[in-house]
Amino acid sequence: AQTVTQSQPEMSVQEAETVTLSCTYDTSENNYYLFWYKQPPSRQMILVIRQEAYKQQNATENRFSVNFQKAAKSFSLKISDSQLGDTAMYFCAFMKHSGLTGANSKLTFGKGITLSVRP
Amino acid sequence: DTEVTQTPKHLVMGMTNKKSLKCEQHMGHRAMYWYKQKAKKPPELMFVYSYEKLSINESVPSRFSPECPNSSLLNLHLHALQPEDSALYLCASSRERRTVRETQYFGPGTRLLVL
């Protein structure tokens, strides 16, 4: 079974600064996806960024980038130039790349981290 | 376009009522999901439909009854719910190719209150 750990329950950052959210995971699989989802107070779950484990290059999406360390099983999210709209709960999630039955096709979420961006 | 829509946005129901939640996507995704989410917690998977057939049921009580009438639509029928069923209900969809389900895209959710 896979586990995803987000050990920091809350973080705060000043607007325009950079913040890094941590995530570690445990799996015996070699091929999988990792995701960061954002859930603002409106509670819509929004995909922020996706990383495929076989890709060595770290994924980036505008101000969002990841530091994917496969050997260390670490997948942190860096938010540059933080904006007030980045205030949200952020979930790290894991999904096995193949196999459609039972646990193989599930998203395994971490507990989430609440990020507050201060004006 | 990565839009999943859900109706209603909010729902208040008594324990004897019957109601339904609706989810729709027009991205051609063949996998659709229902999640339950309590405040400040991650979503918990309830059901997965693959090509309109129920693929996963996470031992959800029978007072929740899913239905997938076509490839774009997913319903969740509610009957005789308990106050502890109050939560945000999220629908998601993803592409499914051969043995791979891909990125899940979520709808805005239905906030349910059971009195």
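Scanning the range A:30-66 for residues being part of a strand (DSSP E or B) and either within 12 Å of another protein chain (Cβ to nearest Cβ) or surrounded by fewer than 15 Cβ atoms within 10 Å (Cβ to Cβ) (or both) gives a total of 17.
Would you be able to say whether some residue in the range B:73-87 is surrounded by 15 or more Cβ atoms within 10 Å (Cβ to Cβ), within 8 Å of chain A (Cβ to nearest Cβ), closer than 22 Å to A:Y37 by Cα and touching a residue at least 12 places away in the same chain (Cβ under 8 Å)? No, the range B:73-87 contains no residue that is surrounded by 15 or more Cβ atoms within 10 Å (Cβ to Cβ), within 8 Å of chain A (Cβ to nearest Cβ), closer than 22 Å to A:Y37 by Cα and touching a residue at least 12 places away in the same chain (Cβ under 8 Å). Only a single criterion out of (1) under 30 Å from A:T87 (Cα atoms); (2) within 11 Å of chain A (Cβ to nearest Cβ); (3) surrounded by fewer than 19 Cβ atoms within 10 Å (Cβ to Cβ) is not satisfied by B:K22, namely (2). Quick check on the range B:84-104: of everything there that is of a type outside the set (G, A, S) and modelled with pLDDT of 95 or more, which residue is farthest from A:N31 (Cα to Cα)? Applying the filter and picking the extreme gives B:E84. Among residues of the range B:39-72 being charged (D, E, K, R), more than 11 Å from B:Y89 (Cβ to Cβ) and within 14 Å of chain A (Cβ to nearest Cβ), the one that is surrounded by the fewest Cβ atoms within 10 Å (Cβ to Cβ) is B:K53.
The values are calculated or read from the model by the stated rules, or taken from the named source; none is laboratory data. These numbers were taken from a predicted model, which means no experiment stands behind them. Don't worry about glycine lacking a Cβ; one is built from the backbone with ideal geometry, like all the others, and counts go over all protein chains shown.
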